[in-house]
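Please treat every number below as a calculation from the coordinates, not as lab data. Nothing here was measured: the structure is a model prediction, and the numbers come from that model. Here the Cβ is made from the backbone with ideal geometry for all residues, glycine too, and neighbour counts use every protein chain on show.
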Amino acid sequence: MIFEQVFNMINVGLVILDEDLFVCHWNRWMELHSGIQAENIIGSPIFKFFPNLDNPKFLRNCKSVFKFGNFSFFSQKLHHYLFPFKPDSTFGSEFNHMQQSCTMGPLRDESNVISNIYLAVQDVTEIAAYERKLVEKNMQDGLTGVYNRRFLDTKIQEEFSRHKSYHRPFSLIMCDIDLFKNVNDTYGHQCGDVVIKQIATKIESMLRKTDFLARYGGEEFCCLLPEANLEAACNLAERLRQAIEEEEVNFDGQTLKITVSFGVAYMHDGVENAETLLQMADEALYVAKKSGRNRVAAA
């Protein structure tokens, strides 16, 4: 009875299963987060209430604990959760389900025979949300809020591999603010920052949800366009060029007209690696610049 009180007071979910994976114990924490009272689940197979657990990995871990008496861990980073509970924190909007770190281990009887296994369930939603924010910050450009070069280098490798595996279209746009040095020299670096932020906001607003915008460096940006062929990428670049040309930047009582040049490259079988694709887009951007700026060129 004393242990029962302790089990119901701890801020961790505790489930005990027998060899047939029927529920023998279901503590108060599990009641609160599942909405299932102990008397309604004890004596029933766990899969009756949580069919998502009826999978090879979970079954394999249960069998291993019963047979060898070892411990199994279900980390949040790999599994996110075992029990699909609603988030119970101010960080709930970050996730569809409570993020959980779970441990499975053996329980032995008086003869030292493993008679049951336990599952300990810990809510780590706030920790996961904090870690996600750290990752996002590490992948985010401090000035514009779009992705940074580190993210770009990782993502372009992923998209390159995806194209090689599934032969899906993939294009890339490099863009550079024209005569940006003149802006800094004439109006100062604060004005230059305003220009960069406004251009980034404009470009991002015109991309699809599946596209990625990253600041490549200085006044240069790169758009990754999964599922876009060369024609679609060039059309987008032209729309971006026109929209930015029509945009006005206001700073300290001054109105500036800014233009941007674009270089477009398309992933095809002759492209050996992601770096080559970047180089193709950069060379196309160079052509656009040399051809008079404020235009689109394709590799």
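Could you pull out the longest piece of the chain with no exposed loop GluC sites (Glu not before Pro) in it, calling a site exposed if DSSP puts it outside H, G, I, E, B and it has at most 11 other Cβ atoms within 10 Å? Walk me through the numbers before you get to the answer.
Details: sites that count: E110, E272.
For GluC sites (Glu not before Pro) (loop position, at most 11 other Cβ atoms within 10 Å), the longest site-free span of the chain is 111-271.
Only four residue types carry charge here, +1 at the Cβ of Lys and Arg and -1 at the Cβ of Asp and Glu. Report the dipole size of the chain about the Cα centre in Debye, rounded to the nearest 20.
Computed charge dipole of the chain: roughly 320 debye.
Among [x] 56, 22, 14; [y] 36, 19, 18; [z] 44, 27, 15, find the value of semi-axes √(5λ) of the Cα gyration tensor in Å that was calculated from the structure presented, and write down its label.
[x]
How high is the relative contact order of the chain, in percent, counting Cα pairs under 8 Å that sit 6 or more residues apart? Spell out each step's value before the answer.
Values: 511 pairs, mean separation 38.3, N = 299.
So the answer I get is 13 percent.
Identify, among H167, S205, F66, the residue whose Cα sits farthest towards the positive end of the charge dipole of the chain, taking +1 on the Cβ of Lys and Arg and -1 on the Cβ of Asp and Glu, with the dipole about the Cα centre.
With unit charges placed on the Cβ atoms, the residue in question is H167.
If you fit an axis through the alpha-carbon atoms of helix 125-138 and take the longest principal axis of the Cα set of the chain, what angle between them do you get, 0 to 90°, nearest 10?
For helix 125-138, the angle is close to 20 degrees.
List the lysines whose Cα sits under 23 Å from the Cα of K67, skipping any in the same chain fewer than 8 residues away.
K57
Amide H of N116: which non-local residues (sequence gap of 5 or more, or other chain) have their own amide H closer than 5 Å, using H built in the peptide plane?
L107
N184 versus V12, label points 7 Å from Cα toward the beta carbon: distance in nm?
5.5
Two decimals is fine: what is log10 I(q)/I(0) at q = 0.13, 0.14, 0.20 Å⁻¹ for region 139-298, from a Debye sum with one equal scatterer on every Cα and no solvent?
For region 139-298 at q = 0.13, 0.14, 0.20 Å⁻¹, log10 I(q)/I(0) is -0.57, -0.65, -1.29.
Label point 7 Å out from N250 along Cα-to-Cβ: which residues of region 161-187 have amide N under 19 Å?
187
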